[in-house]
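Okay, so here's the structure we're looking at.
No lab work stands behind these numbers, since they all come straight from the coordinates. The structure presented is a predicted model; accordingly, all values stated were derived computationally and were not measured. Here the Cβ positions follow ideal geometry from the backbone for every residue, glycine too, while neighbour counts run over all protein chains shown.
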Amino acid sequence: MHALPGEVRRELRRLGRADLVVGIPSFNNARTVGHVVETVAEGVTRYFPGLRGMVVNADGGSADGTPEAAGAARVPDPVRVVCTGYEGIRGKGSAVRAVLEAAQLVGARCCVLVDADLRSVGPWWVQRLAGPVLAGQADYVVPLYVRHKYDGTITNNLAYPLTRALYGARVRQPIGGEFGLSGALAGRLLAKPVWESDVARFGVDIWMTTTALCEGARVVQAPLGVKVHDPRDPAGLGPMFQQVVGTMFSLLAVYPFRWRQVRGSQPVPTVGDPVEAEPEPVPVTVSALVDRFREGQRVHGGVWGRALGADVREQLNRAAELGPAGYLTERWWARLVYDFAVAFHRDDLDPDAVVAALVPVYFGRVAAFAEETRELDTAAAELVVERQAAVFEEEKTRLVAAWERL
């Protein structure tokens, strides 16, 4: 089964070879997608004038005219724009699969992925994401952003610290949305039998990053400055959280030979000069997060009781009673995440129910983080994120010991 429709595959064969493909997964992004298409096309011609470039918009059935807006974008010759739907599970991962298939069909040396809701994208982003791959310096390029302290709460509180502790690499934005991949790595990813799982949805970013780290790809980070997109209040990120975390937990069983032997972490090389900028504020509704956390105790208390160790369970109940601030600290959060990660693989528990039960605790942790960093600027809040990541490393022995008892 392919994600790209047959007629699009035939069109790509007719268009012939492209050296650099920039893919834009989209869903109801008519307001911004045209700007993104025009900007990345300019980046291809400005920074890689000797290469044949192509922009592929893979849309998930938008009802607002997104494909039409992408197709109407004005791009410089000789960049070609292909707009297509995709087949399979509806989600970002299926769109990424379609882009990677397109890159393979045209024999691309490099494939760049960018989100369709970007407002801060510049032509130079293409150079930062594709340049290390085309120069033979990297197989996989992840973005390095300056983000507001309440933007990227899934990244800050789970994807970054857990990836760092598990695989020993300080990839600051493992689910950043923008990536550069070699053609060879794209082919390897396409061959994996994962495209009917949460990887087909919002699990795709963390899956690509983890696969790259665990299978020997050369990974670097590219400073891209501020990411201005359509952020959402953390209280509305439950479904995305479930898909990202479900994928992360599933990968524990794929790469145990890697994460069980890792101790500590190392920086990931950065290619390109840092970009100094101040991000736009992102709102967070602490009261709503606390309400959802406490509601989670009522709905998921049974799973909490079965999944968690007695020490964590007692602390979590105290946090639900008195409020997460000061109780759901980074150390208790790390221990709790590791208990849930093991519970996900237990025969006596439903993995979907385990991840669902973790969602309200995530809301509680974000509320505690928000209270702790309320008066802090971006740089100071970043130190709190780094401290939490170090705690995940320190507490990893809890995961290793529990895994051995499964």
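A few points about this structure:
- The range 286-404: relative contact order as a whole-number percent, Cα under 8 Å and 6+ apart: 36
- Choice from P360, P351, P283 showing the highest fluctuation, given a GNM over the chain with Cα pairs closer than 10 Å: P283
- Distant-in-sequence amide H partners of D64 (H built 1.01 Å from N, under 5 Å): N28
- Over the chain, the ratio between the Cα radius of gyration and 2.2 N^0.38 Å evaluates to 0.97.
- Globularity index of the range 216-358 is 1.25 (Cα radius of gyration / 2.2 N^0.38 Å, N = number of residues).
- Calculated [θ] (222 nm, deg cm²/dmol) that DSSP helices of n ≥ 4 give over the chain, each run adding -39,500 (n - 2.57): -15500 deg cm²/dmol
- Nearest-0.05 FRET efficiency for L406 and R188, computed from C-beta distance (R0 35 Å): 0.75
- Cross-link reach list, lysines versus K149, counting only Cα pairs under 24 Å and skipping chain neighbours closer than eight places: K227
- Between amide H atoms placed 1.01 Å from N, distances below 5 Å from A169 occur with Q266, all of them 5 or more places distant or on a separate chain.
- Exposure proxy ranking for V146, V355, V79, based on other Cβ atoms within 10 angstrom of each Cβ and starting from the fewest, stands as V146, V79, V355.
- Taking Cα atoms only, the orientation of helix 238-252 departs from the longest principal axis of the chain by about 90 degrees.
- Relative contact order for the chain, counting Cα pairs under 8 Å that sit 6 or more residues apart, in percent: 16
- Taking the C-alpha atoms only, the angle from helix 286-307 to the longest principal axis of the chain is near 70 degrees.
- Here the Karplus curve 6.51 cos²θ - 1.76 cosθ + 1.60, taken at θ = phi - 60°, turns the phi angles of the range 106-120 into couplings of 9, x, 5, 7, 8, 10, 10, 10, 9, 6, 8, 9, 6, 10, 9 Hz, with x standing for Gly and Pro.
- Within the listed set A69, A159, A135, the residue fluctuating most in the Gaussian network model of the chain (springs between alpha-carbon atoms under 10 angstrom) is A135.
- Max mean-square fluctuation residue, GNM over the chain, Cα-Cα springs under 10 Å, options A217, A63, A102: A63
- R46 paired with E196, simple spin-label distance in nm, labels 7 Å along Cα-to-beta-carbon: 4.5
- The calculated Kirkwood hydrodynamic radius for the range 286-404 is 14.6 Å, given to one decimal from all distinct C-alpha pairs.
- As a rough footprinting exposure proxy, the listed residues S182, S265 were ranked by other beta carbons within 10 Å of their own, and the order from fewest upward is S265, S182.
- Bridgeable lysines around K192 (alpha carbons under 24 Å apart, same-chain partners fewer than 8 residues away excluded): K92.
- Computed 3J(HN,Hα) for the range 24-32, one whole-Hz value per residue from the Karplus formula 6.51 cos²θ - 1.76 cosθ + 1.60 where θ = phi - 60°, is 10, x, 8, 7, 6, 10, 4, 5, 10, glycine and proline marked x.
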